[in-house]
């Protein structure tokens with residue numbers, strides 16, 4: 001049964017990676033989409049592609065940086081009436097910057113990760129959750145990481161932010177208990193997206209080495225699991241999901257072919 005048809009799904013960080021893959025998967029399932037990201041051109045490209053493939057759905061683009069509390073609140077509080085009843089929120093916006101020891105860390109990079117991965121998720125969730133609770137239904141999907149379960153060398157602040165996302169997912173589930181709202185935490189392992197390119201400030205060669213010799217997850221793989229989870233009957237919450245490529249056992253144990 002398709003329980004996603006004609007719902008409204010808000011996806012942050014929708015212009016690339018897992019966010020873009022979720023947009024495609026939810027559009028295919030017949031959900032109307034609110035796509036939020038910083039890059040206007042990428043959003044427009046994606047929405048045109050989806051509208052062409054799925055003409056029955058409606059799409060609303062919002063250019064916004066979730067780190068900016070004021071603009072995020074204004075954008076979500078001023079949604080047109082027909083877009084206010086959001087059924088699914090996918091808190092996907094997030095990033096990693098650099099690999100270094102704490103004593104050598106770049107504080108600007110720390111703040112960017114904390115502001116995006118933690119505070120941005122909180123800003124968006126605070127704006128959307130009250131409406132879900134008032135309607136006694138809704139699904140929130142927080143995209144964390146295996147890095148939130150296991151700290152790896154030089155990952156310090158990024159791991160801390162994803163651990164915070166995991167903790168917030170657990171806290172949200174407690175806080176909304178009895179409201180009919182479901183909260184799901186998704187921890188992907190190695191996914192080949194723009195993630196490593198962003199981490200290494202555009203160094204594509206270095207980014208490719210992260211996935212060399214193995215078959216990593218794709219954004220599509222993760223989005224499929226998210227769609228499946230959201231599409232469960234309302235009395236079911238798949239609350240905590242760890243998705244790994246078969247070649248990865250944990251954050252540091254990875255089998256690579258020669």
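No value in this document is a laboratory result; all are computed from the given coordinates. Here the structure is a predicted model, which means the values were calculated and not measured. For neighbour counting, all protein chains shown are included, and Cβ atoms are generated from backbone atoms with ideal geometry for every residue, glycine included.
Numbers for the structure displayed
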quantity	calculated
Pairwise FRET efficiency - residue 1 versus residue 60, Cβ, R0 = 25 Å, nearest 0.05	0.45
Residues in segment 2-42 that a label on residue 77 would reach, taking backbone N under 20 Å of a point 7 Å out along Cα→Cβ	36-37
Estimated FRET transfer efficiency (residue 201, residue 175; beta-carbon r; R0 30 Å; 0.05)	0.20
Relative contact order (%) - the chain, alpha-carbon pairs under 8 angstrom, separation at least six	19 percent
Computed over segment 1-146: relative contact order in percent, which uses C-alpha pairs under 8 Å that are six or more apart	25 percent
Relative contact order %, segment 19-98, counting alpha carbon pairs below 8 Å whose residues are six or more apart	28 percent
Per-residue Cβ neighbour rank within 10 angstrom, fewest leading, 225, 181, 186	225, 181, 186
Inter-part distance where segment 53-119 and segment 230-253 are each reduced to a Cα centre, Å	22 Å
Degrees separating the helix 219-230 axis from the principal Cα axis of the chain, which is the longest one	40 degrees
DSSP-defined antiparallel bridges as percent of all bridges, the chain, nearest 5	5 percent
Least to most buried among 48, 119, 137 (fewest other Cβ within 10 Å first)	48, 137, 119
Ranked 65, 108, criterion: other C-beta atoms within 10 Å, fewest first	108, 65
